[in-house]
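**Q** Sharing a structure here in structure tokens format.
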Amino acid sequence: MLDFAIVDRSIDVAAERAATPGCARVAHLNNAGAALPTAATVEAVVDHLRFESERGGYEAAAAVGDRLTALRASAARLLGADAKEVVVTGSDTQSWTKAVWGFALGGGIGRGQRLLVDRIAYDSHYLALLQVADVNGAGIEVVPSLDDGTLDVAALEESLGSGRVALAAITHIGTHRGLINPVEEAGTACRRVGVPFFLDACQSVGQIPVDVARIGCDVATATGRKWLRGPRGTGLLFVRSDFADRLRPPGIGWSSALWEDAGHYRLREGADRFLDFEVPVAAHLGLGVAIDHAMALGLDAIAERVGGLAERLRRHLAEIGDVEVHDGGSRRGGIVAFTVGGAAPAAVAAASGAAGINVSVSEAPWARLDMTAPRPKVVVRASPHYYNTEEELDRLVDTVRRCAVG
Ligand SMILES: Cc1ncc(COP(=O)(O)O)c(C=O)c1O
């Protein structure tokens, strides 16, 4: 007889749907945009808003101090980091911009230096690099992808080896297609030459396991509302403790720095130097509930279910004549990008909406380096989460089939 219990790590989809009020109203396949929260997450937010209205905002925040500390610990556990290395922010973009500018103000990005970026980089991430490059006289270099769209690690190694590299900015999963970049290999390459590695984990955190220690990144950014199913207006920033000293964040205040005397200030230690005082406490509490929920289910189980649903959807869409799937990559996650011959992506999204199915459209400005000819400039993006059902996917496939023949 076996002397250990076999733990079933699969997700109870019916229970998850029952805990998610939105599932009764819509087939939500726009989780790469913003996922449906659980009722418990919504309650945490609403309860605290009410509590603030009855007690006063500062008094209410003091009363939930332990839960806010626990949130940071949960976020750190989620990312495989130490609590001192993670702060809750207002969005992924806020995390990214502060970290990139923090590095620039710390002297990390100077005239003539090279900023390496991958081809599936997201709009706002590239914009921050472009602005820093513009102001500081640095240059941006795009690392090529393989034919299937994945980061070419050999090309990255070559670029890293040719000197004057300030940082490598790599995207784990893009906003517009499902491929998963080999970020562990990118991390190994960066560590070998001591180049700081900034990871965009916005579309991966909450969807697949993201372990910053294994990946070896110095900075990682994520958002609350997507795969973590947290409230809008929340994000995460990870800064490796031995890297934080090199960052001088813009926009400091008393929560991120100490005013020592008329001529001096001192930045707080570790990621604390990125802390804002004025934050939506209710949303942070909701994020804490959402992160704990994801970890209770297990990121491996979530990744397996999300990846399985997305592969099923790709297979069934590809069976429709006139539909092309554009995800590429040999490893893929929960974003399914496709086009329908003879029907504009916006028309497919509208037809889906009319059928009670939420999908979105990704357009060139969101990922300009990659969404360029011969690749499509606009695609339909369907992004199932673990709480979606096979039947919801089949309904989308039927709708797309009607668009294809219409
Ligand atoms: C890959 C990727 N990175 C970064 C972001 C920015 O996230 P946020 O809107 O939370 O700033 C997004 C948003 O869609 C994204 O898809």
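The values are calculated or read from the model by the stated rules, or taken from the named source; none is laboratory data. Bear in mind that the values here come from a model prediction, so they are computed numbers and not experimental data. Cβ placement follows ideal geometry from the backbone for every residue including glycine, while neighbour counts extend to all protein chains displayed. Surface areas here come from the heavy atoms of the whole protein model, side chains and all, with no ligands, DNA or RNA. Shrake-Rupley method; radii C 1.70, N 1.55, O 1.52, S 1.80 Å.
**Q** I need the Kirkwood Rh of the stretch 116-239: take the reciprocal of the average 1/r across all distinct C-alpha pairs and report it in angstrom.
**A** Numbers: mean 1/r = 0.0680 Å⁻¹.
Computed over the stretch 116-239, the radius equals 14.7 Å.
**Q** Binned at 10 Å from 0, what are the whole-percent values of the Cα-Cα distance distribution for the stretch 260-398, short to long?
**A** The distribution over the stretch 260-398 is 10, 30, 25, 19, 10, 5, 2, 0, given as percents.
**Q** May I pose another question? Please compute the net charge surrounding Arg266, taking Lys and Arg as +1 and Asp and Glu as -1 over other residues with Cβ under 13 Å from its Cβ. Could the numbers behind the result be given before it?
**A** Numbers: positive: Arg248, Arg268, Arg273; negative: Asp245, Glu260, Asp261, Glu269, Asp272.
Its environment carries a net charge of -2.
**Q** When the helices in the chain are scored as -39500 (n - 2.57) per DSSP H run of 4 or longer and the sum is shared across all residues, what 222 nm value do you end up with, to the nearest 500 deg cm²/dmol?
**A** Details: 14 runs with 164 residues, N = 406.
Computed mean residue ellipticity for the chain: -12500 deg cm²/dmol.
**Q** Return the sequence-ordered ³J(HN,Hα) values of the stretch 195-211 in whole Hz as given by the Karplus equation 6.51 cos²θ - 1.76 cosθ + 1.60 applied to θ = phi - 60°, using x for Gly and Pro.
**A** My calculation for the stretch 195-211 gives 9, x, 10, 9, 9, 8, 10, 4, 9, 10, 5, x, 9, 9, x, 10, 10 Hz in order.
**Q** Further, regarding this structure: For the stretch 31-47, in order, what is each residue's ³J(HN,Hα) by Karplus, 6.51 cos²θ - 1.76 cosθ + 1.60 with θ = phi - 60°, in whole Hz (x at glycine and Pro)?
**A** Those phi angles translate into 6, 6, x, 7, 7, 6, x, 6, 4, 5, 5, 4, 4, 4, 5, 5, 4 Hz.
**Q** Let me ask something additional. Please identify every one of the GluC sites (Glu not before Pro) in the stretch 215-298 that sits in a loop by DSSP and has no more than 13 other beta carbons within 10 Å of its own beta carbon.
**A** Values: sites: Glu260, Glu269, Glu278; in loops: Glu269, Glu278.
Sparse-neighbourhood loop GluC sites (Glu not before Pro): Glu269, Glu278.
**Q** Also, quick follow-up: Among the aspartates and glutamates, select those whose C-alpha is under 12 Å from the C-alpha of Lys84, and discard any that sit fewer than 8 residues away in the same chain.
**A** Output for Lys84: Asp242, Glu269, Asp272.
**Q** Suppose the chain between Thr372 and Arg266 were pulled fully straight at 0.36 nm per residue; how much longer would it get relative to their current alpha carbon spacing?
**A** Numbers: separation 106, 0.36 × 106 = 38.16 nm, distance 4.55 nm.
So the extension gain works out to 33.6 nm.
**Q** Got a sec to turn the phi values of the stretch 378-386 into Karplus ³J(HN,Hα) couplings, 6.51 cos²θ - 1.76 cosθ + 1.60 with θ = phi - 60°, whole Hz, x for Gly and Pro?
**A** Result, ordered by residue: 9, 9, 7, 10, 10, 9, x, 9, 5 Hz.
**Q** Further question: Taking 0.36 nm per residue of sequence separation and subtracting the Cα-Cα distance, how much length would be gained by fully extending the chain between Ser330 and Glu158, in nm to one decimal? If you can, show how the numbers build up before the last one.
**A** On the way: separation 172, 0.36 × 172 = 61.92 nm, distance 2.23 nm.
Extra length from Ser330 to Glu158 when fully extended: 59.7 nm.
**Q** Let me ask another. With just the Cα atoms defining each centre, how far is the stretch 55-87 from the stretch 241-313? Give it in Å.
**A** 9
**Q** Here's a follow-up. Please work out the Cα center distance from the stretch 108-175 to the stretch 329-406, rounded to the nearest Å.
**A** Centre-to-centre (Cα) distance: 28 Å.
**Q** Let me ask something else. What is the sum of charges, Lys and Arg at +1 and Asp and Glu at -1, for the other residues whose Cβ falls under 12 Å from the Cβ of Met371? Intermediate results must be reported in sequence, preceding the final value.
**A** Numbers: positive: Arg119, Arg177, Arg368, Arg375, Lys377, Arg381; negative: Asp123, Glu363, Asp370.
Local charge sum for Met371: +3.
**Q** Okay, moving on. How much net charge surrounds Asp245 when only other residues with a Cβ under 14 Å from its Cβ are counted (Lys, Arg +1; Asp, Glu -1)?
**A** On the way: positive: Lys84, Arg240, Arg246, Arg248, Arg266, Arg268, Arg273; negative: Glu85, Asp218, Asp242, Glu269, Asp272.
Overall, the nearby charge balance is +2.
**Q** If you don't mind, another one. Please state, to two decimals, what the Cα-based radius of gyration of the stretch 49-143 comes to when divided by 2.2 N^0.38 Å (N = residues).
**A** On the way: Rg = 18.5 Å, N = 95, 2.2 N^0.38 = 12.4 Å.
Rounded to two decimals, the normalised Rg is 1.49.
**Q** Right, here's the next one. Tell me which residues come under 5 Å, amide H to amide H, from Glu141 once H is placed; ignore anything under 5 positions away on its chain.
**A** Leu115, Leu116, Val117
**Q** By its C-alpha gyration tensor, with a ≥ b ≥ c as the square roots of the eigenvalues, how is the chain shaped: rounded for a/c under 1.5, else prolate for a/b larger than b/c, else oblate?
**A** Values: a/c = 1.75, a/b = 1.18, b/c = 1.49.
In terms of gyration-tensor shape, oblate.
**Q** Whenever you get a sec, line up Tyr386, Tyr58, Tyr126, Tyr265 from highest to lowest accessible area (probe 1.4 Å, protein heavy atoms). Intermediate results must be reported in sequence, preceding the final value.
**A** Numbers: Tyr386 5, Tyr58 160, Tyr126 55, Tyr265 115 Å².
Descending order: Tyr58, Tyr265, Tyr126, Tyr386.
**Q** Here is a follow-up. Once Lys and Arg get +1 and Asp and Glu get -1 on their Cβ, which of Ala121, Ile208, Met371 lies farthest toward the positive end of the dipole of the chain?
**A** Working it through, the farthest residue towards the positive pole turns out to be Met371.
**Q** Within the stretch 121-152, what residues put their amide N at less than 17 Å from the label point 7 Å along the Cα-to-Cβ vector of Glu184?
**A** Within reach of a label on Glu184: 151.
**Q** Once you have a ≥ b ≥ c as the square roots of the Cα gyration tensor eigenvalues for the stretch 118-165, tell me rounded if a/c is under 1.5, and otherwise prolate or oblate according to whether a/b is larger than b/c. Each step should come with its number before you reach the end.
**A** Values: a/c = 3.97, a/b = 1.35, b/c = 2.95.
Cα axes put the stretch 118-165 in the oblate bin.
**Q** Express the relative contact order of the stretch 234-374 as a whole percentage, based on alpha carbon pairs under 8 Å and six or more residues apart in sequence.
**A** 12
**Q** If you don't mind, there's one more thing I want to ask. In whole Å, what are the extents of the stretch 293-335 along the principal axes defined by its C-alpha atoms, from largest to smallest?
**A** 41, 17, 11
**Q** Next question. Counting only residues 5 or more places away or on other chains, whose amide H sits under 5 Å from the amide H of Leu267 once H atoms are built in the peptide plane?
**A** Amide H neighbours of Leu267, under 5 Å, 5+ apart: Leu258.
**Q** Apply the a/c threshold of 1.5 to the C-alpha gyration tensor of the stretch 174-229 and tell me whether it is rounded, prolate or oblate.
**A** Details: a/c = 2.31, a/b = 1.85, b/c = 1.25.
In terms of gyration-tensor shape, prolate.
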